[in-house]
Every structure is written in C-alpha cells, then in structure tokens.
C-alpha cells in the first residue's frame, strides 16, 4: 500500500507535506495528556518530564520543519565550469520512497514521531513500528497517528521481534532504527540483503570529563540531571564521570547532595524519578551492582516489583569494573579519577566511540584538546544532553554509537536523495571532445583545460 501510494505522487507536493506535519503538531498538542499518561504507565515517567522531552520539544522541532521544508525541498544551483557553458547544474532533493522507522522504548514518542516527521517532510511514505517494550505508548501511537495523518501514506505496525523481522525482510527506501547496538547490527544485516541505506541511532559509554578547578556544585547539578533523567535510560546520558583527582572528593560530595536535593531522602517516593522499563533490566542493573568493586555513596538499592533502581553514585571504580564493561543505561553513575587530561583521553579512546563526550572546564585549551583528541557523535561543553535541543546540530553517532544523523536540515537529507541534474542546449558547442582526435584539438584542449 505504501509503495502504491508513493507511486501516485501524493506525497511529493510540499503543501501536502506541510499539511501532514501540521497534523502531527495538532496531535502532540491535543493528545499530550494521552501520551504522557501512556509513558507514565510504561516508564513511570513524570508528567512534566514526558511533556518536556517527548511532546513540547518534538512539537517545536516539527514546527521548525514546517517553516523550512519549502527551502530544503527546492532545487539548489551549483556552479558549472566555463568549459561546459551554457550548461546549468542543480541538486534536486527527491524522496526515497516507502521508508521504515523503528522506534525505541526509552523515548517512545520523541524517537518515533520525530523521525516520522522528517520522513514526511522529505516526501516519503512511511511504516512506523513503535517498541513493544513500551506497550501503552505503542498502542496510543497506533490509535492516534492514523487519526491525524493521511493513512494512505503512513502505517503504524505494532508487534514484537517477529513483526520487526517480517518488516526487515521487505525492501525499503530507507530504514531508520533507534535502539541497542546488538539489535542495530541485526537491522543492518537485514538491510544489506536489499542494499537498503540505514540510519542507526545507538548509544555508548558517554564520558563526563571534569577538569580542575571546577564549580563542583554546578557540575553536580547538571550531571545528576542528565544522568538520572528518565531513570538513566537516555542514550546521551553521561555514562560515567572522569574527574581530576584534585576535585574528586568535593565532586563526590556534591553529587550525593544533589541526588538528595532532586529526589529527596527516599528517591522511591519522589514524583520526579522514573522507573526502569522492565524486570529484565532491573536484573541486569542489579547484576552490575552486585559485581562492582566500587564504593556505594548513595543508592544501591532496588525494588523488583516497582521496577525501581535507586539513583546510585559509585566511587573508587576501576576501568575493569563490571559497570565499565558495557553501556549502563540505568541510574548508576560510576566516578573515576585521573591525574592528567592525557590519561583521561587515552582511556576514553580505548572504549569505542561514544554518542557524546561531555567536558566541564573553564580552560579553553583543555576543552579544545578534548574536542580534537576524542571521537564521538557530539561534544557538549559544561552541560550534557542539551545539545539535542539545538535543531541545527546533526544528532547521531559514529562507529559503534551509530551511523547517520538527523535533526534540522540533516533529518530532511537523511530521508532524501540528492539528485544531480545537468542541462545544456543542443546548440552552441565546439566539437573539440568528439572524434576524430587531431593534434589541433589536443593543442586547444591542452590550453583551455
């Protein structure tokens, strides 16, 4: 159906694309309560947090797409060498066809609806598969999206791994996947059978590097916010802290203090703290806690029935510790000290390319060194996670943390093909490049080229 719809040309007019995007904005405005309620069921996500990260921010981004899509979709002139005059050249963005968007469970509205918006903006039809691990949100999206967006061009498909496998067996113009690296490799393998281009939004062990001297209170406030947002289940969350040993103890104290300030003496009772998505992930995080050799400064507890894992700060953690072997993706924050920045950067470089690197420093030279000597999807200076709120910055990983990017014009380009077009009239050329090849032609071409 999606391929048939695309072949009719329905999705190509920019006016149609803008109309569908306005419907997505209307959905997010009118159904915000339904969606935040669903995310509360799936993730224990606080209403304000869900509205801010998955509703308001996405609505703002789509409004920006509506404003710019006309310019993005317009042909762009490119210079032509004088030897090809009077030819004209341009790049024409064209849609890829029927595309597939596979959403994650941790930000089940944001990371499903926003890629869909870019797919529509580029003029594609789209199949959307929300994550079965966020069933309430998946059900809400499956009911709401067809009620607002043209159902001939957008289909929502619910189901588990078997449904995903069936979808991946089809031929698509593009596959956009957000999730774990393990599943991402399966997606890429399936796409290879059809030579389908993919965007993989994955994750990694994102370091937060803290220089000395430091305003430890300000650093702690921002790190604790970014780490424990959505109960630590954020792909760009700081995975661990690397701190100059001269400010290690003050920072540890500030981190513990900030956890209590945000979530109270018993974080389980806090309405501001979400929950781990399911029991399997609680078990995984508990296994890390049981195996760590680090010192628990705060937290370290869990309640299986409530999917609760306490915000936990771990000190005296080594590089071979259980919490350093894989992306944590939960509310555990290890802290490791370093003696000099070269040591820290060397350690970061040995652990794959993260989705983000965070550096807290007032030293421009050190900041520039971190930017230059680390490889990551993005760098954020003196904050964390907020780089996603800049529409003009591409968001995506590199190496094991992902492939491709979106946000802003980059998102439009992800779901488009940049087609080169050259035009030249039939009259008005010198036949120098055509046989027979003579000495005179060779001499003239040698002079002009």
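The values are calculated or read from the model by the stated rules, or taken from the named source; none is laboratory data. Since we're looking at a predicted model, the values are computed, not measured. Virtual Cβ from ideal backbone geometry, glycine too; neighbours counted across all protein chains shown.
Would you call residue 41 free of Cβ contacts under 8 Å to residues at least 60 places away in the same chain, part of a helix (DSSP H, G or I) and assigned by TED's automatic domain parsing to the domain that holds residue 92?
Spelling it out, it is not the case that residue 41 is free of Cβ contacts under 8 Å to residues at least 60 places away in the same chain, part of a helix (DSSP H, G or I) and assigned by TED's automatic domain parsing to the domain that holds residue 92.
Tell me yes or no: at least one residue of segment 177-190 is assigned to a strand (DSSP E or B) and buried (at least 16 other Cβ atoms within 10 Å of the Cβ).
Within segment 177-190, one or more residues are assigned to a strand (DSSP E or B) and buried (at least 16 other Cβ atoms within 10 Å of the Cβ).
For segment 60-79, which positions are surrounded by fewer than 18 Cβ atoms within 10 Å (Cβ to Cβ) and assigned to a helix (DSSP H, G or I)?
Answer for segment 60-79, where residues must be surrounded by fewer than 18 Cβ atoms within 10 Å (Cβ to Cβ) and assigned to a helix (DSSP H, G or I): 60, 63, 64, 67, 68, 70, 71.
Can you find, within segment 403-420, the residue that is farthest from residue 189 (Cα to Cα) among those that are within 14 Å of the chain's Cα centre (by Cα) and part of a strand (DSSP E or B)?
Looking at the filtered set, the residue picked out is 406.
Residue-by-condition table, conditions (1) closer than 24 Å to residue 383 by Cα; (2) surrounded by fewer than 19 Cβ atoms within 10 Å (Cβ to Cβ); (3) out of contact with any helix residue (DSSP H, G or I) (no Cβ under 6 Å at 6 or more places or on another chain):
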position: 248; (1), (2), (3): yes, no, yes
position: 251; (1), (2), (3): yes, no, no
position: 254; (1), (2), (3): yes, no, no
position: 260; (1), (2), (3): yes, yes, yes
position: 268; (1), (2), (3): no, yes, yes
position: 278; (1), (2), (3): no, yes, yes
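Just one of 151, 140 is in contact with a helix residue (DSSP H, G or I) (Cβ under 8 Å, 6 or more places away or on another chain) and either on the phi < 0 side of the Ramachandran plot or buried (at least 23 other Cβ atoms within 10 Å of the Cβ) (or both); which is it?
Of 151, 140, the one residue that is in contact with a helix residue (DSSP H, G or I) (Cβ under 8 Å, 6 or more places away or on another chain) and either on the phi < 0 side of the Ramachandran plot or buried (at least 23 other Cβ atoms within 10 Å of the Cβ) (or both) is 140.
Looking at 220, 212, which is the one that is assigned by TED's automatic domain parsing to the domain that holds residue 323, part of a helix (DSSP H, G or I) and modelled with pLDDT of 95 or more?
Sole residue among the options that is assigned by TED's automatic domain parsing to the domain that holds residue 323, part of a helix (DSSP H, G or I) and modelled with pLDDT of 95 or more: 220.
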